[in-house]
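Report on one structure; see the data block that follows.
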Amino acid sequence: QSVLTQPPSVSAAPGQKVTISCSGSSSNIGNNYVSWYQQLPGTAPKLLIYENNKRPSGIPDRFSGSKSGTSATLGITGLQTGDEADYYCGTWDSSLSAGNYVFGTGTKVTVL
Amino acid sequence: EVQLVESGGGLVQPGGSLRLSCAASGFTFSSYEMNWVRQAPGKGLEWVSYISSSGSTIYYADSVKGRFTISRDNAKNSLYLQMNSLRAEDTAVYYCARLGGYSGSYFDYWGQGTLVTVSS
């Protein structure tokens, strides 16, 4: 049972924008950096956003991240068919035992 | 080029053991913290275990504590996961992932994964 809640799915037409929310608490998002991962069908996850809003080299600026309080948001603009994937947020959590990393429940993005 | 290649997965009976390996290349392995993350069929990502660059600090998810052991051999650029007392719910693809950056807050490189199936 993940402590980070994401919507199960979001969808939009090509060229449109989608946002994915990631809701947590003060023991995780509220006091730690958030990262986002993209998992294309049948492949390993790939880092999309790190430290709340930074993009690794090679990630287009169509992808953006933000954080406010105990929630984080991933935005994708200019939606493309190649963006169809599962997206996960992640961060460290200190509410249970030490050194516990948690992922969000995951969101499937569908391009209509 | 950073590469992480897992191996050792397979079919094992409940209560059995398996040892996963992750071969790292393309970076100074001994300088990075490493992790295991798993994904059950059709499910989301679940963090399993963390090990510091020297191996002196280790963390486990509650779901595997007492049954799994993470270790590393910096001389061999390799990460390991010894899995004992395996259960059906341990069935998953297991990924090794590098913890990146000074903040240590994100996984910047992932392996392709190795499938572990626990079934009689």
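Please treat every number below as a calculation from the coordinates, not as lab data. Fair warning: this is a prediction, and the values are worked out from it, not measured in the lab. Note that we place each Cβ from the backbone using ideal geometry, even for glycine, and neighbour counts take in every protein chain shown.
Taking only alpha carbon atoms, chain B gives an Rg to Rh ratio of 0.95, where Rh is the Kirkwood radius. As I understand it, the dipole of segment A:1-98 uses +1 on the Cβ of Lys and Arg and -1 on the Cβ of Asp and Glu, about the Cα centre. Which of A:SER57, A:GLY42, A:THR73 lies farthest toward its positive end? Going by the Cα projections, it comes out as A:SER57. If I model the protein assembly as shown as equal point scatterers sitting on the Cα atoms and use the Debye formula, what is log10 I(q)/I(0) at q = 0.17, 0.18 Å⁻¹? Debye output, listed in q order: -1.26, -1.38. Taken about its Cα centre, chain A carries a charge dipole of about 140 debye when Lys and Arg each add +1 at the Cβ and Asp and Glu each add -1 at the Cβ. Please give the residues of segment B:69-98, grouped as numeric ranges, whose backbone N is less than 17 Å from a label point set 7 Å along the Cα-to-Cβ vector of B:SER17. So the set is B:69-72, B:80-87. Only beta bridges with both residues in chain A are counted; by DSSP, about 85 percent of them are antiparallel. Which of A:LYS17/A:LYS108; A:LYS108/B:LYS43; A:LYS17/A:LYS67; A:LYS46/A:LYS108; A:LYS54/B:LYS43; A:LYS46/B:LYS43 have a Cα-Cα distance over 21 Å? Check vs 21 Å cut-off fails for A:LYS54/B:LYS43. Take the Cβ atoms of A:LYS108 and A:ASP61, set R0 to 22 Å, and the FRET efficiency comes out at 0.45. Each Lys and Arg Cβ is given +1 and each Asp and Glu Cβ -1; about its Cα centre, segment B:5-79 then shows a dipole of about 140 debye.
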